[in-house]
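J.: Below are the structure tokens for one structure; questions will follow.
The numbers here are math on the coordinates, done by the rules we state, and not lab data. What you are looking at is a predicted structure, and each value in this text was computed from that prediction instead of being measured. In this analysis, Cβ positions are derived from the backbone assuming ideal geometry, glycine residues included, and neighbour counts consider all displayed protein chains.
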Amino acid sequence: MRAMFALLAICGCKSGESHDVSPLGPADDRSPCLSGGIEFPVGSEFPTLDDCNSCTCNGGKTAVFCTLVYCPHPPTGCIVNEVMYDDGASNVPDPNSCNCCSCIGGQITRCSTESCARPPACKYGEAYYQDGHGFATRDGDFSCTCRAGAFSCGPSSPRAVSDASSEVTAPCKLPEGLSGPEPALLLPSPQPLRAAEFSPPSEIDSRGLDQDLSLIWQLRHALPPRSSVRAWLHGIPGISREQPLELGYGLERIDAGLLGHYGTCDVRILLIHDELSELRVECSFDEWRLLENTLRTALGPAFEITSDADRGRATLRLNSQRMQGVARTTLDAALGPVLDAPVPPKLTVAYELLSSPFSRLVIGTACANGIAPLGRPETLALAFAKRFDLLRNVLSGSNPEARIYAAWALDQAKAFTWRDRLIAEHVRHSALEVMTCSGAWKGPATSEVAAAGLEAR
């Protein structure tokens, strides 16, 4: 998106003539100019849709004078409330409701269908204004505001113009069933911020910081996803994708990422039957002490920010409660329900790691340099605490490596019930591939091979 002030399509204008602007009434020094159904007074200057030319209403014989600056790349997006949305954008506010739409070929289309009508919008040139929004001439002396589908225009005070320009485009709602930060908090600035706006310390690479600010802007510009997840990911410039990972029972995880100079952002998506269940954006940044204020401004209030030493982390979560319910129901039918169980503080981190479908666990005894693979110490922590109820929940959970670890730990502790053994056999003989390691070697293996490897040690 980028900010737009003018909303009039004029091309190839010559001094004293225009395709879209004309004098109103006899050509004398007091005649206003008519454009898009709006009368602009003599002396007013209003810009054009190409965002680099402008016209002045002179009255008299010269009538209208338009500049002739060459604009090689005229905008092809959609304009709502003086904000330009790029062609292909999927977060365009519907001018007449709270719904979100796509901008396709300069047309606002493919809108969501929430029942949330607003008063009718106004159109000037190719631009739409929601009720209560408007624009002013460049000198600020004349302004128009949309009221119930028609512009109300007239002289404006500097305060009125200032108040009007500070209005924020009413954000469209999150897609049905998706919960997370308010949509208004996800909206980025019209353009990516620039390092020069913050006067970074001399030890900071300004070009590198610009790269990170652009990365953040791209993510915020793309959120929330309003098309199929795969198509949405494909539309984010510069994003890298890994192969989708099957978690079993209709669950699938997609990991993607954006690489900046001082930071990286991981995008992790959980699908159930190809529909979005959960989306997480996790960014981390070096030089946090020097860049905190800049990055906080760029990230906005939708991200939850934590920091330690000289590194900052920002997290954003969007969830579909409906699809999360579908996922849990599917797992319950195959592996049994997860039961409510209190988790002591000292086991919280371990239990959350094993329960999360986003955890990249590895099955084995020791990986490279004798380091225990992620997931094994956490499983042993629950087993040593004799929290077999938590291990049973992990066995019925959404992480395939954690399920194998939980079955192994329950078996080793001789805590298997007949139900546990049935679920463990079901998990063991699934066709899923899981990540394993043995010394310096690390790679995928079937669930059966991974489980047999644990039992042999």
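J.: Among 394-406, 435-447, how do they line up from the highest to the lowest mean number of other beta-carbon atoms within 10 Å?
T.: The packing order, highest mean first, is 394-406, 435-447.
J.: Highest mean first, what order results for 339-352, 308-321 on Cβ atoms within 10 Å?
T.: The peptides rank, most packed first, as 308-321, 339-352.
J.: Quick one: which residues, 5 or more positions from Glu278 or on another chain, have an amide H under 5 Å from its amide H? H modelled 1.01 Å from N in the peptide plane, none for Pro or chain starts.
T.: Here the answer is Leu270, Ser320, since their amide H atoms fall under 5 Å of that of Glu278.
J.: With a 10 Å Cβ neighbour count serving as the proxy for reagent exposure, in which order, fewest first, do Asp87, Asp420, Asp212, Asp274 appear?
T.: Asp274, Asp87, Asp420, Asp212
J.: Check Val83: other-chain or 5+ apart residues with amide H under 5 Å from its amide H, H built from backbone geometry?
T.: Met4
J.: Pop out the ³J(HN,Hα) list for segment 255-262 in order, Karplus 6.51 cos²θ - 1.76 cosθ + 1.60 with θ = phi - 60°, rounded to Hz; leave Gly and Pro as x.
T.: 10, 9, x, 10, 10, x, 8, 9
J.: Output the relative contact order of segment 243-348, whole-number percent, from Cα pairs under 8 angstrom with separation of 6+ residues.
T.: Here the relative contact order equals 22 percent.
J.: Follow-up. With a cut-off of at most 14 other beta carbons within 10 Å, and DSSP calling the residue loop, which GluC sites (Glu not before Pro) in segment 183-283 qualify? Please list them.
T.: Glu203, Glu242
J.: Taking θ as phi - 60°, what are the ³J(HN,Hα) couplings along segment 327-337 by the Karplus curve (6.51, -1.76, 1.60), each to the nearest whole Hz, with x for Gly and Pro?
T.: Residue by residue, segment 327-337 yields 4, 5, 5, 5, 5, 4, 5, 8, 10, x, x Hz.
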